[in-house]
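*Asks:* Please see the structure below; I have some questions.
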Amino acid sequence: MYQFDPSSHRYRDLETGRYVRQVDVARFVDEEISRSEVRLKGHARLLAQGKIDIPEFQTRMALSLKESHLRVAAIGAGGTRQFTPSHYGKIGAQLKKQYKFLHGFGQDLAEGKLTPEQAIRRAGSYAKSAKTSFFESEFTSRGKYDFYAKRLLDAQSRHCESCITYQRLSWTPIKNVVAPGVDCECGGRCRCRLVYQKRTYAGMRL
Ligand SMILES: [Zn+2]
Ligand SMILES: [Zn+2]
């Protein structure tokens, strides 16, 4: 059982009394995304086997994506009870973008442009999009409590042009930081990192 403290934006494990580390929260998100990838590929497999048709495939993809975005967004918000209309607005915007891609996916399938293997791989690639809903949700929640953030590039990986311009090396009010995956060519398929600090501690290491 975890308890969430909105003002410090941390989870506490009620059994051990310890705070859950940020890396562990990120791991929960990655695990959910892996499970989602398996589910999405499963829909494409059923399609390849002729067990469902393209519209049904799109419906299942859309539903699985919605569930996955909501699940990781809940992790970012500190549980579904922390959701506000603005959380739903941000998640909705991300989903809308994915549904548009899904429409194009359906067209490519209908035109016979994809082998079953390509379709399965492409279906699985949607899973990562949920990460943006996680960041958006986390930003929305932390934004209410005067958090500042840095957005850092991973030195080991390649970045799209937008990600480079979104880098923030000094503490910046969250509302002026762009969440990874929002308005960038890589769609968040990158390793941009975020660190946070409460405004009251500005200039001080936590
Ligand atoms: Zn990018
Ligand atoms: Zn990036």
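The values are calculated or read from the model by the stated rules, or taken from the named source; none is laboratory data. Here the structure is a predicted model, which is why all the values come from computation and not from measurement. Cβ atoms come from the backbone with ideal geometry, glycine included; neighbour counts cover every protein chain shown.
*Asks:* Cβ-Cβ distance below 8 Å, separation of 6 or more or different chains: which pairs start in region 73-84 with a residue that is on the phi > 0 side of the Ramachandran plot and buried (at least 18 other Cβ atoms within 10 Å of the Cβ) and end on one that is among the polar types (S, T, N, Q) and assigned to a helix (DSSP H, G or I)?
*Replies:* Correct list of pairs: Gly78/Ser141.
*Asks:* Going by what's in this entry, would Glu138 be described as assigned to a helix (DSSP H, G or I), among the charged types (D, E, K, R) and surrounded by 14 or more Cβ atoms within 10 Å (Cβ to Cβ)?
*Replies:* When the stated conditions are applied, Glu138 passes them.
*Asks:* As an exercise: evaluate Gly89 against (1) assigned to a helix (DSSP H, G or I); (2) surrounded by 14 or more Cβ atoms within 10 Å (Cβ to Cβ) and give the number of the one condition it does not meet.
*Replies:* (2)
*Asks:* In the set Ser86, Ser68, Ser36, which member is farther than 15 Å from Lys131 by Cα, at pLDDT 95 or above, among the small types (Gly, Ala, Ser) and not assigned by TED's automatic domain parsing to the domain that holds Pro180?
*Replies:* Going through Ser86, Ser68, Ser36 in turn, the sole match is Ser86.
*Asks:* On the basis of being among the aromatic types (Phe, Trp, Tyr), at pLDDT 95 or above and closer than 15 Å to Ile33 by Cα, does Phe101 make the cut?
*Replies:* Considered against the rule, which asks whether it is among the aromatic types (Phe, Trp, Tyr), at pLDDT 95 or above and closer than 15 Å to Ile33 by Cα, Phe101 comes out as no.
*Asks:* Check region 21-33 and report whether any residue there is in contact with a helix residue (DSSP H, G or I) (Cβ under 7 Å, 6 or more places away or on another chain) and either charged (D, E, K, R) or free of Cβ contacts under 8 Å to residues at least 40 places away in the same chain (or both).
*Replies:* The answer is yes; a qualifying residue exists.
*Asks:* So which residues in region 136-175 are within 16 Å of ligand 1 (Cβ to nearest atom) and at positive phi?
*Replies:* Those that are within 16 Å of ligand 1 (Cβ to nearest atom) and at positive phi: none in region 136-175.
*Asks:* Which condition breaks for Gly112 when tested against (1) exposed (fewer than 13 other Cβ atoms within 10 Å of the Cβ); (2) under 19 Å from the mean Cα position of the chain (by Cα); (3) assigned to a loop (DSSP other than H, G, I, E, B)?
*Replies:* The number of the failed condition is (2).
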